[in-house]
Amino acid sequence: MHELSIVKNLVKTVLSRYTPAENEKIISVNVVMGEMHDYEEEWLTKYFVQMTAGTVLDGAMLKVERLPVKLHCRNCGAEFGNSKEEEAVLLACKKCGSYDIEIVNGREFYIKELEVEA
C-alpha cells in the first residue's frame, strides 16, 4: 500500500514541474529505486496508470531502474553489496566482520528523466 503514496507524490511532482509543449508527448517517466526499498514494481505500475489517466501523463510508461545495495566498512574500507536475502541479517563487513557499516547505495528513489516525443 506504500506504493500508492509514492506514486501519488511522483505524479504530483512531474505534473507540477513539467508542462509539455503543444506537440510533445511524455512517453515514459524513468525513476531510480534502490534495492533496499521493498516497493513492488507491479503495484507501482498499476497505480501509475490509474493516477495518470486524463492527465498529460496518460499513456506514459513508468520505468524503474534498480540500484543494488552498496555498503562501506568504516573499519577496513572494504566496499561490498548485500542481496535481498542478506538484508534481514545484521550487516557485517564481509572482509573484517565489523558492524561499523555505512550504506552507500540502496535507499535512493528519484526521477531520473522523462522521455518525450515531439
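A21 meets each of the listed conditions (1) within 16 Å of E113 (Cα to Cα); (2) aliphatic (A, V, I, L, M); (3) exposed (fewer than 13 other Cβ atoms within 10 Å of the Cβ) apart from (1). Between L71, L62, L4, the distinction of being in contact with a Ser or Thr (Cβ under 7 Å, 6 or more places away or on another chain) and under 18 Å from F109 (Cα atoms) belongs to L62 only.
Scanning the range 24-43 for residues that are more than 11 Å from the chain's Cα centre (by Cα), buried (at least 17 other Cβ atoms within 10 Å of the Cβ) and modelled with pLDDT of 95 or more turns up just one, V29.
The values are calculated or read from the model by the stated rules, or taken from the named source; none is laboratory data. Keep in mind it's a predicted model, so treat the numbers as computed, not measured. Virtual Cβ from ideal backbone geometry, glycine too; neighbours counted across all protein chains shown.
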